[in-house]
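Student: Take a look at this one; I'll ask things after.
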Amino acid sequence: MSNISAWLIIAQSNLHVGNESVDNYGLIDKAIQRDPVTTLPCINSSSLKGAINEFASQVLVKTVNSEDRKRIFGVDKTGNKNDTQKGNSSFFDAELLALPRPNDTTLYELVTCPAVLNRYAHRLNIFGLNMAPEELEEKIRANIIPLTIKSTPPKEIMPDFKVIDNAAFKELCEDYELPIIARNHLDNGKSANLWYEQVLPRETVLGTLTLSEEDKLNIILKDRIIQIGANATVGYGYCKFIQLISKTDSNA
């Protein structure tokens, strides 16, 4: 018996999950991970699994014990590294669903494209989680956080959500369009190492899937904010997990 769940991952702060396998010779010293087929930004499944395991071992100590973690993830991060076993859960890459960009009326808007919505909906359908692209679009809309404007009484403005054409969306995801942030290491007040790091901006929406033989993984993830990727000490990578749809497959 297997629990199959689809998740939205919404970045609450800038997100940098680095692609260490790529050498960068241009402006960007540390690039983000990208899907090898579409070249769109993504989070590799190994990075996602590691971040969730870290969260479970450090934050949910009372909810998820050592045996739970070994069953779900395999090796327990707080246990003996030689005590290996195969975990009973599968983690899939998180693929980009929507990207924020500035606008003149609501500060920012979220944009997506038909190809991205169709691809993720198709992925869900493969695992029996039937969801039309239009329904996925509405689920994303429902989780956009309104902006509060100071007035009497205070007003809430919903950022726009737009479906743009595929080529325009892909262009927004190119290296020169995504934020690049200068980072510096100071040694006695002097610059010892300046580098440029690419990020996915906060409010970015990604989607992923998990398969597990027990409900505990859903308890770990549902409505949690989990730090993913590098630079946790400067507030990077805090992401909210929202369960889109799930089912239990007795034939798995």
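The values are calculated or read from the model by the stated rules, or taken from the named source; none is laboratory data. Every value quoted in this text rests on a predicted model; they were computed, and no experiment measured them. Cβ: placed from backbone, ideal geometry, glycine included. Neighbour counts: every protein chain shown. All accessible areas refer to the heavy atoms of the entire protein, side chains included, with ligands and DNA or RNA removed. Shrake-Rupley method; radii C 1.70, N 1.55, O 1.52, S 1.80 Å.
Student: Does at least one position in segment 209-220 carry a residue that is open to solvent by 40 Å² or more (accessible area, probe 1.4 Å), basic (K, R), within 20 Å of W7 (Cα to Cα) and at pLDDT below 95?
Tutor: Scanning segment 209-220 turns up at least one residue that is open to solvent by 40 Å² or more (accessible area, probe 1.4 Å), basic (K, R), within 20 Å of W7 (Cα to Cα) and at pLDDT below 95.
Student: Right, something else. Condition check: surrounded by fewer than 12 Cβ atoms within 10 Å (Cβ to Cβ) and touching an Asp or Glu at 6+ places or on another chain (Cβ under 6 Å). Does T148 satisfy that?
Tutor: Details: surrounded by fewer than 12 Cβ atoms within 10 Å (Cβ to Cβ): yes; touching an Asp or Glu at 6+ places or on another chain (Cβ under 6 Å): yes.
Here the answer is yes, as T148 does meet what is asked.
Student: How many residues does segment 128-145 contain that are among the basic types (K, R) and either open to solvent by less than 30 Å² (accessible area, probe 1.4 Å) or over 13 Å from G207 (Cα atoms) (or both)?
Tutor: Initial filter on segment 128-145 (among the basic types (K, R)): 139, 141.
So of that shortlist, the ones also either open to solvent by less than 30 Å² (accessible area, probe 1.4 Å) or over 13 Å from G207 (Cα atoms) (or both) come out as 141.
The total comes to 1.
Student: Please enumerate the residues belonging to segment 25-50 that are part of a helix (DSSP H, G or I) and either open to solvent by 70 Å² or more (accessible area, probe 1.4 Å) or touching a helix residue (DSSP H, G or I) at 6+ places or on another chain (Cβ under 8 Å) (or both).
Tutor: Taking segment 25-50 first, the residues part of a helix (DSSP H, G or I) are 45-50.
Those that are part of a helix (DSSP H, G or I) and either open to solvent by 70 Å² or more (accessible area, probe 1.4 Å) or touching a helix residue (DSSP H, G or I) at 6+ places or on another chain (Cβ under 8 Å) (or both): S46, K49.
Student: Within segment 146-176, which residues are more than 16 Å from P201 (Cβ to Cβ) and aliphatic (A, V, I, L, M)?
Tutor: Selection gives I149, I157, M158, V163, I164, A167, A168.
Student: May I pose another question? Checking the condition farther than 14 Å from I226 by Cβ and among the β-branched types (V, I, T), which residue from T38, T63 passes?
Tutor: T38
Student: Quick one: count up the residues across segment 132-148 that are at pLDDT below 95, among the aliphatic types (A, V, I, L, M) and in a loop (DSSP other than H, G, I, E, B).
Tutor: Residues flagged as at pLDDT below 95, among the aliphatic types (A, V, I, L, M) and in a loop (DSSP other than H, G, I, E, B) within segment 132-148 amount to 2.
Student: Looking for whichever is under 22 Å from C42 (Cα atoms) and open to solvent by less than 60 Å² (accessible area, probe 1.4 Å) here; the options are N125, N118, N53, N88. Which one fits?
Tutor: Details: N125 fails: open to solvent by less than 60 Å² (accessible area, probe 1.4 Å); N118 fails: open to solvent by less than 60 Å² (accessible area, probe 1.4 Å); N88 fails: under 22 Å from C42 (Cα atoms).
None of the others qualify; the one that does is N53.
Student: Could you list, in sequence order, all residues of segment 105-115 that are polar (S, T, N, Q) and either open to solvent by 70 Å² or more (accessible area, probe 1.4 Å) or farther than 18 Å from L172 by Cβ (or both)?
Tutor: Within segment 105-115, T105 is the sole residue that qualifies.
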